[in-house]
1. Which of the residues that make up the stretch 1-20 are in contact with a strand residue (DSSP E or B) (Cβ under 8 Å, 6 or more places away or on another chain), surrounded by 15 or more Cβ atoms within 10 Å (Cβ to Cβ) and assigned to a loop (DSSP other than H, G, I, E, B)?
2. Of the residues that sit in the stretch 21-42 and are under 13 Å from the mean Cα position of the chain (by Cα) and open to solvent by less than 40 Å² (accessible area, probe 1.4 Å), which one is farthest from residue 88 (Cα to Cα)?
Amino acid sequence: MGNLKPRRAFLDVRDTVRGFYLAAIKGKRGEAYNLCASSTHVIGDLLRTAIQLSGVKAEVRPAAHLMRPSDEKIIFGSTDKFRKDTGWKPTMSIEQTLSSMLEYWDRTT
């Protein structure tokens, strides 16, 4: 694996699509908005949760060739303006997102 320490604000695609819809309906013309999750998650924690949800045994090992010196420690934005203008907020938990991803791959493989 690459670097498992960065923090990211992952957003479920269902929340994203609903956000895009609300931006089109309620957003202010010409405004720029951030659309992201309301909290960040450590990549390694997400990996461990996905492995646990999958029920498979996996050994996680660092791979030097996957480490990127340019990795941002955290990527996170503020959705305050978007929430104020549209009433949007994320509704899907990261566990729901990971479960949905695993269910999708179980159906398609």
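1. The first filter runs over the stretch 1-20 and keeps only residues in contact with a strand residue (DSSP E or B) (Cβ under 8 Å, 6 or more places away or on another chain), leaving 4-10.
Adding the requirement that they be surrounded by 15 or more Cβ atoms within 10 Å (Cβ to Cβ) leaves 6-10.
Scanning the stretch 1-20 gives 6, 9, 10.
2. Step one: filter the stretch 21-42 for residues under 13 Å from the mean Cα position of the chain (by Cα), giving 35-42.
Cutting the leftovers down to open to solvent by less than 40 Å² (accessible area, probe 1.4 Å) gives us 36-37, 40, 42.
Values: 36: 11, 37: 11, 40: 18, 42: 24 Å.
Among those that are under 13 Å from the mean Cα position of the chain (by Cα) and open to solvent by less than 40 Å² (accessible area, probe 1.4 Å), it is 42.
Listed here are the residues, each with its yes/no results for (1) in contact with a helix residue (DSSP H, G or I) (Cβ under 8 Å, 6 or more places away or on another chain); (2) within 16 Å of residue 98 (Cα to Cα); (3) of a type outside the set (Phe, Trp, Tyr).
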site	(1), (2), (3)
2	yes, no, yes
12	yes, yes, yes
18	no, no, yes
46	yes, yes, yes
67	no, no, yes
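The values are calculated or read from the model by the stated rules, or taken from the named source; none is laboratory data. Because the structure is a prediction, the values reported are computed rather than measured. Here the Cβ is made from the backbone with ideal geometry for all residues, glycine too, and neighbour counts use every protein chain on show. Quick note on the areas: whole protein, heavy atoms, side chains included, nothing else; ligands and nucleic acids left out. Shrake-Rupley method; radii C 1.70, N 1.55, O 1.52, S 1.80 Å.
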